[in-house]
Amino acid sequence: MDIDKELEQIFDDPLLKLNAEEQSLFDIPQDMRRVIAKKKPDYVAQHILCEDFETYKPLFAKVHQELKEGKRSLVKINKTATLAAGRFYYVSGQMLLLDEIGELSMGSNSMLNGRTRCIYENGTESDILLQTLRKNVVGDGYAISELQEEVESLFFSNKDIATEDKVTGYVYVLSSLSQDPAVKDEKNLYKIGFTTNTVEQRVTNAENDPTYLMAPVKIVATYKVVNLNSQKFEDLVHQLLMNVQYQVVVYDEKGIAHQPQEWFIVPLPVVDVIIKKIMDGTIVGYTYNPQMQCLEKRIVKAKSTFDTTGMKVLTLNIKKIYFDEIMSGVKKIEYRELKQATLNKYTYVDDEDGKRYLRRYDALRLYVGHNKDGESALVQVTDITYNEGVVEYHLGLILEKML
């Protein structure tokens, strides 16, 4: 069989011959070509080998260690957050260092943009755009907090307790001395509990208690708890570490099955930080990330504390660049074009004379973009004027700013 001849016959088939009108059906319209051309980037950032990676390699190892020691934490950020050179970020399962930010210009979303130099822990680097990096961190990653002061997990001494303080008990951290391979080989396995007696009394006869896995235990750390409800403490610990609770069934001397609830798989330094944060009240907003074995700080939107009772407040969305100008005092007037769709928002018709007037507001509640969890502020309105189809809100004091 002559393959070339057979293919030639197929392509010479009259059914495959198209006239000009038929060929035009496969043409891309001119307007679509413009859109495609517009969407095509002039330059695409590439990952290349980082020639001086040996300089950065120890830094990544150090940050990983500090995460596991609780000295740093993962932080979820919003899309208006500012990324800074010298900071570490975590995207798609990999840590990176934002080493440099080049010349900046205003982007399409009114935020500064420019080329960066990012060093990745796999030994590569990229000159990804700052806006693209921000989008990646927001969508599938974290910022990594700055180095925090080392947490000391020491006893609260008697001199630290004021006379009005009430000692409610002791928090303890234990490790198991069980010879059961399933327990013995489990790394970072600790029991976190609470007792109103001394810890030594609490763990007496541990080898016969299912709570202690029917084995002796070692007291790793003890904390004196002041003015803290024991049930609340235990609830916070269980809620925070629920995803790493050790699942095991043990049998007592009578053969009855038990499932202890207070054993968790978590590095000891992180346990120290968790207990410290529970005691000082800063644990709110944190979760534990079992993949990275570190604390993760969630964005917790602060609630407004400004009393607006009796005030008329207009809520508006605003671009980041204009929000910052208002916060700095550069921008003194916020403008809103009067359209058919917004006519009733900014004006009203008086029932008595039938004329349209500007609605009076005492303050503007400004939100950056359309994200209610982003930056916002309450700004005093000193006057409202109208000028050629535009309503002008003259701004006074910044009554409240929320991040």
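The values are calculated or read from the model by the stated rules, or taken from the named source; none is laboratory data. Owing to the predicted nature of the structure, the values given are computational and were not obtained by experimental measurement. Positions of Cβ are generated from backbone atoms using ideal geometry, with glycine treated the same way; all protein chains shown enter the neighbour counts. Protein only, heavy atoms only, side chains kept; ligands, DNA and RNA dropped before computing areas. Shrake-Rupley method; radii C 1.70, N 1.55, O 1.52, S 1.80 Å.
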If residue 232 meets every condition in (1) at pLDDT below 90; (2) more than 19 Å from residue 288 (Cβ to Cβ) apart from one, which number is that one?
(2)
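Could you grab me the full set of residues in the range 210-236 that are touching a residue at least 12 places away in the same chain (Cβ under 8 Å) and of a type outside the set (A, V, I, L, M, F, W, C)?
At the first step, the residues of the range 210-236 found to be touching a residue at least 12 places away in the same chain (Cβ under 8 Å) are 210-230, 233-234, 236.
Listed by number, the residues that qualify are 210, 211, 212, 216, 218, 222, 223, 224, 227, 229, 230, 234.
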Check on residue 320, closer than 25 Å to residue 145 by Cα and open to solvent by less than 50 Å² (accessible area, probe 1.4 Å):
yes
Of all residues making up the range 237-253, the number that are part of a helix (DSSP H, G or I), open to solvent by less than 40 Å² (accessible area, probe 1.4 Å) and either free of Cβ contacts under 8 Å to residues at least 40 places away in the same chain or among the β-branched types (Val, Ile, Thr) (or both):
2
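Could you count how many residues in the range 348-358 are of a type outside the set (A, V, I, L, M, F, W, C) and either in contact (Cβ under 8 Å) with a residue 24 or more places away in the chain or on the phi > 0 side of the Ramachandran plot (or both)?
So in the range 348-358, the residues of a type outside the set (A, V, I, L, M, F, W, C) come out as 348, 350-357.
Narrowing further to those that are either in contact (Cβ under 8 Å) with a residue 24 or more places away in the chain or on the phi > 0 side of the Ramachandran plot (or both): 354.
The total comes to 1.
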Filtered residues of the range 113-131 (kept if touching a residue at least 60 places away in the same chain (Cβ under 8 Å) and among the hydroxyl-bearing types (Ser, Thr, Tyr))
120, 124, 126
Residue check for residue 178: surrounded by 15 or more Cβ atoms within 10 Å (Cβ to Cβ), in a loop (DSSP other than H, G, I, E, B), at pLDDT 85 or above and not charged (D, E, K, R)
yes
Among the residues of the range 50-101, which ones are in a helix (DSSP H, G or I), of a type outside the set (S, T, N, Q) and open to solvent by 50 Å² or more (accessible area, probe 1.4 Å)?
54, 57, 58, 59, 61, 62, 64, 68
Out of the range 129-156, which residues are modelled with pLDDT of 85 or more and touching a Lys or Arg at 6+ places or on another chain (Cβ under 8 Å)?
129, 130, 134, 135, 138, 142, 143, 144, 145
For the range 200-235, give me each residue that is open to solvent by less than 50 Å² (accessible area, probe 1.4 Å), more than 24 Å from residue 181 (Cβ to Cβ) and either in a helix (DSSP H, G or I) or hydroxyl-bearing (Ser, Thr, Tyr) (or both).
222, 223, 230, 233, 234
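If you check residue 270 against the conditions, is it open to solvent by 20 Å² or more (accessible area, probe 1.4 Å), among the β-branched types (Val, Ile, Thr) and farther than 30 Å from residue 362 by Cα?
Against the criterion (open to solvent by 20 Å² or more (accessible area, probe 1.4 Å), among the β-branched types (Val, Ile, Thr) and farther than 30 Å from residue 362 by Cα), residue 270 does not qualify.
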Residues of the range 181-196 being touching a residue at least 12 places away in the same chain (Cβ under 8 Å) and surrounded by fewer than 15 Cβ atoms within 10 Å (Cβ to Cβ), in sequence order, are 182, 187, 196
Considering only the range 390-403, I want to know if a residue exists there that is surrounded by 14 or more Cβ atoms within 10 Å (Cβ to Cβ) and farther than 21 Å from residue 304 by Cβ.
yes
